[in-house]
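Okay, so here's the structure we're looking at.
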Amino acid sequence: MDQSDASRQMLTVARKFGDPRSVRMDAFEPFAPDALAAALAQAAEELNASAVFAAGTERGNEVMARLAARTGLPFAANCTGAAPGDPVEVTRLRWGGSLLEEARLRSPRPLISVAPFTVPADSGPAPVELETKPPAESDLVVRVSDHVKPSSGGVSLAEAKVIVSGGRGVGSKEGFAIIEELAGLLGAAVGCSRAVTSAGWRPHTDQVGQTGTKVAPEVYIACGISGATQHMAGLKGAKRILAINSDPQAPMMQNADYTVVGDLKEIVPAISAEIRKLR
Ligand SMILES: Cc1cc2nc3c(=O)[nH]c(=O)nc-3n(C[C@H](O)[C@H](O)[C@H](O)COP(=O)(O)OP(=O)(O)OC[C@H]3O[C@@H](n4cnc5c(N)ncnc54)[C@H](O)[C@@H]3O)c2cc1C
């Protein structure tokens, strides 16, 4: 794993199981999950690992699922904590984070991924150097062949400190011009709800929620988003929410730290105009 925040959080949990050894996943490019699973299986054997941890990112979970299939070992995904012992006791996020499950894992080598943004980060050991076998042709069948740039002007949704997000209330694809304008002024990423991606107004890469990206910005500005549980499931890591909605009873307004009741088509451009004045 690389030393991203998610990986350092994973090490906090792994440390309870002893002195963790770190294997860099980004040493294999382009991303090929089966080749990584094969290398991880080999590393776990050579190091006689008592458990294998990964950051619960999409890639981390994918590699661990393939490692589980390859080795026949049980895998607990998206854990927020794990206590060593026999059995290992894990707490995991279920249903997009709306349920915490306590589970017991009986395994000679439990495979555990740690849900991002759920535990404090810890600095980890330097990665171990391992001689890995060259990947088999069959392990390279699934691999990244191309990268499509997100539409959010280069700011990644998952890493963004500020997100300006639009829902059905934005009204149309063209309506997102005011959302993009505000995001540009704030150096923010643009996000959206599933109603928006379903309507084809924005690409799926912009979707926040249970079936979209999980985000953890300092500020999430929700414009015309009702706040359905599936959308809120992606927002658990957001520090502050500002909601702009014409309906004061919308669930997003109940969950927000700051609210503005009114028509986003007036309010969003007014905020942008104020920011311009201040510069
Ligand atoms: C299995 C499953 C997975 C799902 N995954 C996701 C997911 O990952 N992400 C996600 O977002 N959804 C997801 N959904 C869909 C989710 O249930 C909601 O349908 C969706 O989030 C609604 O999007 P919305 O808030 O934009 O639209 P709506 O619910 O239609 O809300 C629009 C809001 O805009 C406000 N509004 C309207 N006009 C204006 C205006 N001019 N100014 C200000 N406010 C205005 C309204 O008051 C309303 O609150 C999922 C659903 C299912 C069943």
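The values are calculated or read from the model by the stated rules, or taken from the named source; none is laboratory data. The model shown is predicted, which means the values in this text are computed figures rather than measured ones. Heads up, the Cβs are rebuilt from the backbone with ideal geometry, glycines too, and the neighbour counts pull from every protein chain shown. Accessible surface is based on the protein model in full, side chains and every heavy atom, while ligands, DNA and RNA are left aside. Shrake-Rupley method; radii C 1.70, N 1.55, O 1.52, S 1.80 Å.
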Task: 3J(HN,Hα) from dihedral phi, segment 247-258, Karplus parametrisation 6.51/-1.76/1.60, rounded to Hz, x for glycine, proline - done: 10, x, 8, 4, x, 4, 5, 6, 8, 7, 7, 10
TODO: Give Lys16/Lys236; Lys239/Lys265; Lys161/Lys214 a once-over and call out the pairs whose C-alpha atoms are over 20 Å from each other.
DONE: Lys16/Lys236; Lys239/Lys265
- [ ] Would you mind calculating the relative contact order of segment 222-279 from Cα pairs under 8 angstrom and at least 6 residues apart, reporting the percent as a whole number?
- [x] 32 percent
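In µm²/s, what is D for segment 32-173 at 37 °C and 0.692 mPa s, where D = kT/(6 pi eta Rh) by Stokes-Einstein and Rh is the Kirkwood radius from Cα pairs?
Working: Rh = 17.6 Å.
Using the Kirkwood radius from Cα pairs, D works out to 186 µm²/s.
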TODO: Provide, for q = 0.15, 0.25 Å⁻¹, the log10 of I(q)/I(0) from a solvent-free Debye sum over equal Cα point scatterers in segment 203-279.
DONE: -0.54, -1.17
- [ ] Would you please give the residues with an amide H less than 5 Å from that of Val88, counting only those at least 5 places away or on a separate chain, with H modeled from the backbone geometry?
- [x] Leu105, Ser107
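Asn255 to Ser50: extension gain in nm, 0.36 nm per residue of separation minus the Cα-Cα distance? Don't skip to the answer; put the middle values down first.
Numbers: separation 205, 0.36 × 205 = 73.80 nm, distance 4.14 nm.
The Asn255-Ser50 span can extend by a further 69.7 nm.
Counting only Cα atoms, I'd like the Rg/Rh figure for the chain, Kirkwood definition for Rh. Please report the intermediate quantities before stating the final value.
Working: Rg = 21.0 Å, Rh = 20.3 Å.
Over the Cα atoms of the chain, Rg/Rh equals 1.03.
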TODO: Would you mind getting me the FRET efficiency between Arg104 and Ala69? Use the beta-carbon distance for r and R0 = 25 Å, nearest 0.05.
DONE: 0.70
TODO: Scan around Ala250 for amide H atoms under 5 Å from its own, H built in the peptide plane at 1.01 Å from N, and keep only partners 5 or more places away or cross-chain.
DONE: none
Task: Cut-off under 5 Å, modelled amide H: who pairs with Arg240 long-range - done: Val219, Tyr220
- [ ] At 0.36 nm per residue, minus the direct Cα-Cα distance, what do Glu89 and Leu278 gain on full extension? Give it in nm, one decimal, please.
- [x] 62.7 nm
Task: Tensor-based shape of segment 123-279 (alpha-carbon gyration tensor, a/c under 1.5 rounded, otherwise prolate or oblate) - done: prolate
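Using only the Cα atoms, what convex hull volume per residue in Å³ does segment 39-114 have? It would help to have the intermediate numbers written out before the result.
On the way: hull volume 6.2 nm³, N = 76.
Convex hull of Cα atoms, per residue: 81 Å³.
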Task: Accessible area in square angstrom per residue, the chain, 1.4 angstrom probe - done: 52 Å²
Task: Net charge of Cβ neighbours under 14 Å - reference Leu186; Lys, Arg +1; Asp, Glu -1 - done: 0
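For segment 157-217, build the convex hull from the C-alpha positions and give me its volume per residue in Å³. Please list the in-between numbers first.
Working: hull volume 4.0 nm³, N = 61.
It comes to 66 Å³ per residue, whole-number rounded.
Between Gln42 and Asp146, what's the calculated FRET efficiency when r is the beta-carbon distance and R0 is 35 Å? Round to 0.05. Spell out each step's value before the answer.
On the way: r = 28 Å, r/R0 = 0.81.
Calculated transfer efficiency: 0.80.
Determine the share of the chain's accessible area contributed by carbon and sulfur atoms, expressed in whole percent, with a 1.4 angstrom probe. Numbers along the way, then the final one.
On the way: 7480 of 14440 Å².
After summing per-atom areas, the C and S share lands at 52 percent.
Kindly rank 250-261, 209-220, 155-166 from highest to lowest mean number of other beta carbons found within 10 Å of each residue. Walk me through the intermediate numbers first.
Numbers: 250-261: 17.3, 209-220: 20.5, 155-166: 22.2.
Ranking, from highest mean packing down: 155-166, 209-220, 250-261.
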